[in-house]
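**Q** The structure is given below, and queries will be raised subsequently.
The values are calculated or read from the model by the stated rules, or taken from the named source; none is laboratory data. Nothing here was measured: the structure is a model prediction, and the numbers come from that model. Positions of Cβ are backbone-derived with ideal geometry, glycine not excepted, and every protein chain shown enters the neighbour counts. To get the accessible areas, we keep the full protein, side chains included, count just its heavy atoms, and leave off ligands, DNA and RNA. Shrake-Rupley method; radii C 1.70, N 1.55, O 1.52, S 1.80 Å.
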Amino acid sequence: MTLIVDYDAGNLASVKRACEQVGLAAEFCADPDQLRHAQRVIFPGVGAAGSAMASVKARGLDEALREVINNGCPVLGICLGMQISLDYSEENDTSTLGLIAGKVSRFRMDRPDLKVPHMGWNEVCVKQPHPVLEGIEAGDEFYFVHGYFPTPRDSSAVLATTDYEGHFASAIGKDSYIGTQFHPEKSGRVGLRLLSNFARWDGQC
Amino acid sequence: MLSKRVIACLDVRDGHLAKSVKFLNTQNIGDPVEKAHEYYIDGLDELVFYDITASSDKRNIMLDVVEAVASQVFIPLSVGGGIRSVSDATDLRLAGAEKINVNSAAVKRPELIDECSSAIGNQNVVLSMDIRKVAKSNEIPSGYEIVINGGRTPMGLDALAWALEGEKRGAGELVINSIDADGTKDGYEIELTSMIAQAVRVPVIASGGAGLPEHLYEVLTEGHADAALVASMVHYGDYKVSELKGYLHDQGLKIRMSW
């Protein structure tokens, strides 16, 4: 069973609908014991890092997530769900899950021509081939909505980049974990392609 | 670099697609779910539904429309019209709307913006403003006034001041709808759009008056808009969404061209 982690971090229905569209049956899950038995996990989320982490911890979902990843279960983090996979977020000065070494910073916003948040369609440039990113071509754009961005410590964790206020990591991954800053569920055909890739991924790179 | 967005607006009354000219004389022009899907397949970047249903007992029809669209259209979906409370907003979000557009109710009670943005996040709250050009005065220094009730009721509120207040209260995006230009097909109100877009840090969507592809180009460059909203020019088949995007791309704008 594919489980969509429900930790009060925004509207999860759109992720479920997009999964259904690519033939991936998914259920919402807020229970760590159930999560430990997942075959596949999607960790979505919008909102702020501080309250998201508090909610994840209060429900004991942090330990369960570590366990499933250690067991090689494919996990997809989306937006805030991806951001809290790093060690630390500047947002609310939050210590996060530490699945991937690195931190999350706020866009500097010192260029008046750049609007914040980074909202809209932007190109995702694949830096390392990955089964979940297969079929994404140069010039393909995805939908973004965020004011903070991830910087993994180790460049081997950077799977794709996007240019906004300079280049930032828009897809990151390690072992059976992959996370995207963009929203595949709102990114039309290419987004559905990514979800369909994830639905078939065995967690190996 | 972000692409400029082409957004289609579908006015929905009692579950049917309607198009208004200067907000009066609405007429039915088809099924909103079908139209939404057609535009999605043709490369639309974002979709806005505006519920113009008059009677409150028929409001639930809109939730069904949103739900039907959200299960087959995988781009951001924004819904407005008659949103007066956080609970209206969350109902629409659960039905599948990404963003919520507030308009008249926020003019009457500005705290609605703060409440919605803290409940569903700034980025999901769009402040839609209906604006009419007036003589500059002490009360309306920008020469643009906020109106409500489909343009019939002037509010004595300066449009620029309201845009800045809306941003401060937590609106993540602004729709600048010119009542003067709406339905004319003579082009967007460039001066108004540019004035507001340059004064705020949140993205601005230009609305009202699009009739030719050149109008979109104009408002996305000279008008400093981040997105251009179209309605009748695509609803009646005069232009296809892909055609508009192709034109803007050929003019050198950054536009999402693969979908």
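**Q** Among the DSSP beta bridges whose two residues both lie in chain A, what percent are antiparallel, rounded to the nearest 5?
**A** On the way: 26 of 42 bridges.
About 60 percent, rounded to the nearest 5.
**Q** Simple spin-label model, 7 Å along Cα-to-Cβ: A:Met1 to A:Glu90 in nm?
**A** 4.0
**Q** Which value, in debye to the nearest 20, gives the size of the charge dipole of the range B:129-259 about its Cα centre, when Lys and Arg are +1 and Asp and Glu are -1 at the Cβ?
**A** Values: 12 positive and 19 negative charges, 64 e Å.
The dipole of the range B:129-259 has a size of about 300 debye.
**Q** Hey, any idea what % of chain B's accessible area is carbon plus sulfur with a 1.4 Å probe? Could you put the intermediate results ahead of the total?
**A** Numbers: 4780 of 9680 Å².
Ligands and nucleic acids excluded, carbon and sulfur reach 49 percent.
**Q** What spacing in nm lies between the two simple spin-label points modelled at B:Val86 and A:Asp8, each 7 Å away from Cα in the Cβ direction?
**A** Distance between the two pseudo-spin positions: 1.2 nm.
**Q** 222 nm [θ] for chain B, helices only, -39500 (n - 2.57) per DSSP H run of 4+, per residue, to 500?
**A** On the way: 10 runs with 90 residues, N = 259.
It lands at -10000 deg cm²/dmol.
**Q** Let me ask something additional. What per residue convex hull volume, in Å³, comes out for chain B when only alpha-carbon positions are used?
**A** Working: hull volume 29.2 nm³, N = 259.
Cα-based convex hull of chain B, divided per residue, equals 113 Å³.
**Q** Something else now. State the percentage of accessible surface on chain A attributable to carbon and sulfur atoms; use a 1.4 Å probe and exclude ligands, DNA and RNA. Could the numbers behind the result be given before it?
**A** Working: 3620 of 7790 Å².
Summing carbon and sulfur atoms, their accessible area is 47 percent of the total for chain A.
**Q** How much accessible area per residue does chain B have, counting only protein heavy atoms and a probe of 1.4 Å, in square angstrom? Could you put the intermediate results ahead of the total?
**A** Numbers: 9680 Å² over 259 residues.
Using a 1.4 Å probe on heavy atoms only, each residue of chain B averages 37 Å².
**Q** Sorted by mean Cβ packing within 10 Å, highest first, what order do the peptides B:92-98, A:130-136 take? Numbers along the way, then the final one.
**A** Working: B:92-98: 22.9, A:130-136: 18.0.
Output ranking for B:92-98, A:130-136: B:92-98, A:130-136.
**Q** Can you give the helix-only mean residue ellipticity at 222 nm for chain A, where every DSSP H stretch with n ≥ 4 adds -39500 (n - 2.57) and the sum goes over all residues, rounded to the nearest 500 deg cm²/dmol?
**A** Numbers: 6 runs with 51 residues, N = 205.
Using -39500 (n - 2.57) per qualifying helix, the result is -7000 deg cm²/dmol.
**Q** What is the protein assembly as shown by shape, rounded, prolate or oblate, if you read a ≥ b ≥ c off the alpha carbon gyration tensor as root eigenvalues and call it rounded for a/c under 1.5, prolate for a/b larger than b/c, and oblate otherwise? Please report the intermediate quantities before stating the final value.
**A** Details: a/c = 1.70, a/b = 1.69, b/c = 1.00.
Judged from the Cα gyration tensor, the protein assembly as shown comes out prolate (a/c at least 1.5, a/b above b/c).
**Q** Mind checking the dipole of the range A:48-146: about its Cα centre, +1 per Lys or Arg Cβ, -1 per Asp or Glu Cβ, Debye to the nearest 20?
**A** 260
**Q** Translational diffusion coefficient, Stokes-Einstein: compute it for the range A:2-200 using the Kirkwood radius over C-alpha pairs as Rh, at 20 °C and 1.002 mPa s, and state it as an integer in µm² s⁻¹. Intermediate results must be reported in sequence, preceding the final value.
**A** Details: Rh = 16.5 Å.
The Stokes-Einstein estimate is 130 µm²/s.
**Q** While we're here: What do you get for Rg/Rh over the range A:57-143 if you use C-alpha atoms and the Kirkwood form of Rh? Walk me through the intermediate numbers first.
**A** Values: Rg = 15.7 Å, Rh = 15.5 Å.
Radius of gyration over Kirkwood radius for the range A:57-143 works out to 1.02.
**Q** Determine the alpha carbon to alpha carbon distance for each of A:Lys57/A:Lys174; A:Lys57/B:Lys99; B:Lys133/B:Lys254; A:Lys115/B:Lys168; A:Lys103/B:Lys4; A:Lys115/A:Lys174 and list only those over 24 Å.
**A** Working: A:Lys57/A:Lys174 22 Å; A:Lys57/B:Lys99 28 Å; B:Lys133/B:Lys254 31 Å; A:Lys115/B:Lys168 14 Å; A:Lys103/B:Lys4 29 Å; A:Lys115/A:Lys174 31 Å.
Result: A:Lys57/B:Lys99; B:Lys133/B:Lys254; A:Lys103/B:Lys4; A:Lys115/A:Lys174 exceed 24 Å.
**Q** Calculate one ³J(HN,Hα) per residue across the range B:212-219 by plugging θ = phi - 60° into the Karplus curve 6.51 cos²θ - 1.76 cosθ + 1.60, and present them in order as whole Hz with x for glycine and proline.
**A** These are the phi-based 3J(HN,Hα) values: 10, x, 4, 5, 5, 4, 4, 6 Hz.
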